[in-house]
Amino acid sequence: MLRQKNLTAEQLVTKFKLLVGEAGMSNDSDTANKLLIEMFKTALNPALVQKIIMSEKKPTKIEEWYDKAMTFDRSYRLAMAIKGPSQSNARFIPRAVPKKDPFAMDVDVMTTEERASLMKKGA
């Protein structure tokens, strides 16, 4: 089954048209047009389908779907190129804070007298 995944909309449309031609299908009837639209919608990324459906003028012909998909996909890719990769995909991994051993001995601890003596010597 054809899926867009990382393809641009232009690449998807080209592959989709080739497959439609190989299958001997056409969009000459209203029913065939609706079927092609449904097939194209399943191939497109869901976010792109939603963007097209929510657009001001919902396309009713398969050619209009091709045009809208390519337009929105180009706009999205241009915006991503300008903005850069999203940081929202970075996963937060909590780190375990090491617990301090309550019975650990501080071997380098100085007494007050030792510190005062070293300060007098200038060490």
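When G122, G84 are screened for being over 28 Å from N6 (Cβ atoms) and small (G, A, S), only G122 passes. Of the helices (runs of 4 or more DSSP H) lying entirely inside the range 23-123, the ones with 1 or more residues being over 28 Å from the mean Cα position of the chain (by Cα), at pLDDT below 90 and not β-branched (V, I, T) are found at 112-121. Against the numbered list (1) in contact with a Leu (Cβ under 8 Å, 6 or more places away or on another chain); (2) surrounded by 14 or more Cβ atoms within 10 Å (Cβ to Cβ), M25 comes up short only at (2). Residues that are in contact with a Leu (Cβ under 7 Å, 6 or more places away or on another chain), among the hydrophobic types (A, V, I, L, M, F, W, C) and free of Cβ contacts under 8 Å to residues at least 60 places away in the same chain occur in the range 56-79; there is at least one.
The values are calculated or read from the model by the stated rules, or taken from the named source; none is laboratory data. All values derive from a computational prediction rather than experimental measurement. Here Cβ is always computed from backbone atoms with ideal geometry, including for glycine, and neighbour counts include all displayed protein chains.
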